[in-house]
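This report concerns only the one structure given below.
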Amino acid sequence: MKITAREIFPIVLGLADGTCTALVLASQKMSSGGMDLWQAFRIGIITSASGFLPLWVAEYAGLRNDLVHMAKQLNMASARNLQKSKLGVQTLRNSWFMASVATASSFVGAAIPLSVAVLFPRLIYLPLVAANMTLMGVGLTLGLWVQGARWKWALGLMGIGDILALLGYKVGLS
């Protein structure tokens, strides 16, 4: 299966969001070595589910806006006919698909450090290393995708992840 450029955005967004949110919610529990499977699963579900609605609304609004621009280009008085057509249905499906991809990616992003914390409870820094490796991969991919400085993207995301882990540890949500 080939990933298109359009699908990279929700995958990257989901992985980064899931990893960072898991660090905020569970860094104290991960660093104490007390993460159990059920707690990791619940955090993963909350992490991924909380992003679905905002992303779906944003994606759907953006695609509907594209229909409005199309209607203007076609000199239509209103975009209502386009929105009620097959294009409107396709807009709804595409936004649902993109939000679902981001949600699944968010769960995977959260599952990486949480799984490491469950599997290796005595190695308390290993979940942070796993999260940093995930964020590094996301940063390198993003840098390649936007033809930017890949290592700056990677190091920037890793730094943000570390700051969020520290904040999560200090606040102690888990």
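The values are calculated or read from the model by the stated rules, or taken from the named source; none is laboratory data. These numbers were taken from a predicted model, which means no experiment stands behind them. Using ideal geometry, Cβ is built from the backbone for each residue, glycine included, and neighbour counts are taken over all protein chains shown.
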Notebook entry, point to check: Name the pairs whose Cβ atoms lie under 6 Å apart, with the first residue in the range 42-61 and free of Cβ contacts under 8 Å to residues at least 60 places away in the same chain and among the aromatic types (Phe, Trp, Tyr), the second in a helix (DSSP H, G or I) and surrounded by 12 or more Cβ atoms within 10 Å (Cβ to Cβ), and 6 or more positions between them or separate chains?
Noted result: Phe52/Ala99; Phe52/Thr103; Trp56/Ser95; Trp56/Ala99; Tyr60/Ser95
Notebook entry, point to check: Would you call Gly88 in contact with an Asp or Glu (Cβ under 8 Å, 6 or more places away or on another chain), surrounded by 14 or more Cβ atoms within 10 Å (Cβ to Cβ), part of a helix (DSSP H, G or I) and at negative phi?
Noted result: no
Next item on the list: Could you tell me whether the range 31-46 includes any residue that is under 21 Å from Gly161 (Cα atoms), modelled with pLDDT under 85 and in a helix (DSSP H, G or I)?
Entry: yes
Next item on the list: Identify the residue in the range 126-164 that is in contact (Cβ under 8 Å) with a residue 60 or more places away in the chain and under 15 Å from Gly33 (Cα atoms) and, among all such residues, is surrounded by the most Cβ atoms within 10 Å (Cβ to Cβ).
Entry: Pro127
Next item on the list: Among the residues of the range 58-85, count how many are within 15 Å of the chain's Cα centre (by Cα) and exposed (fewer than 14 other Cβ atoms within 10 Å of the Cβ).
Entry: 1
Notebook entry, point to check: Does the range 65-82 contain any residue that is modelled with pLDDT of 90 or more, of a type in the set (D, E, K, R) and either within 30 Å of Gly159 (Cβ to Cβ) or part of a helix (DSSP H, G or I) (or both)?
Noted result: no
